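Contents: one structure, followed by commentary.
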């Protein structure tokens, strides 16, 4: 259960390679509590991957590469080695007493972070986040909160936000459009910017159901 002073790291990754074996080039995160707001936010570009032209050629959002170059030059994002990014996240989690890691479709981000850790260290080290953090998933939380919500159902049907089988979709972009009442919103698909909307989704779910169990894997 989340309390007002529980420290959460909301994290988002952008990847290259393929969906089954994703390799991270962009990591954005915010550390926050429900009562204290954002305690820390960072946007990192993994230079080990970003500077690999062949590897980046398969990035789904490869068209954003010039934007990343400009953002690094402007100081909007920080280029670091993977080891440097891992060290900074560990330090921030320790400093703010983080106990929960969260993402939208957290299974993917967990896989991407760990897969990149293994890729970077040739499997000498296999797990990216500090030991002891519990993964939560805003996708799981949103499905639980919104699956029987009439307003969200109407919103999805009126805007054709439906799967091939006619079921409601629960992407972060669609849910955020519903929350702000604006169909013009377009997800950035860059780490830190996407984290900001996912944090709002997290807060919405907690406000609707304070005792929600958002753990990715639940009891095992």
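Brief remarks follow.
- Note that segment 93-220 carries a Kirkwood radius of 16.1 Å, evaluated over its alpha carbons pair by pair.
- Working from label points 7 Å from Cα in the Cα-to-Cβ sense, the residue 62 to residue 99 distance is 4.5 nm.
- Each peptide among 179-188, 80-89, 134-143 gets the average number of other Cβ atoms lying within 10 Å of its residues, and from highest to lowest they stand as 134-143, 80-89, 179-188.
- Residues 64, 124, arranged from fewest to most other Cβ atoms within 10 angstrom of their Cβ, appear as 124, 64.
- Between 0 and 90°, nearest 10: helix 82-96 axis offset from the chain longest Cα axis: 50
- Summary value for the chain: 25 percent relative contact order, contacts being C-alpha pairs under 8 angstrom separated by 6+ residues.
- The angle separating the long axis of helix 191-208 from the principal Cα axis of greatest extent in the chain is about 30 degrees.
- Tilt relative to the chain, helix 150-159 - C-alpha long axis, 0 to 90 degrees, to 10: 70
- 30 Å tail of the calculated P(r), the chain, as % of Cα pairs: 24
Computed from the coordinates by the stated procedures, all read-outs in this text should not be read as laboratory data. Note that the coordinates shown come from a computational prediction; the quantities given were computed from them, not determined experimentally. Positions of Cβ are generated from backbone atoms using ideal geometry, with glycine treated the same way; all protein chains shown enter the neighbour counts.
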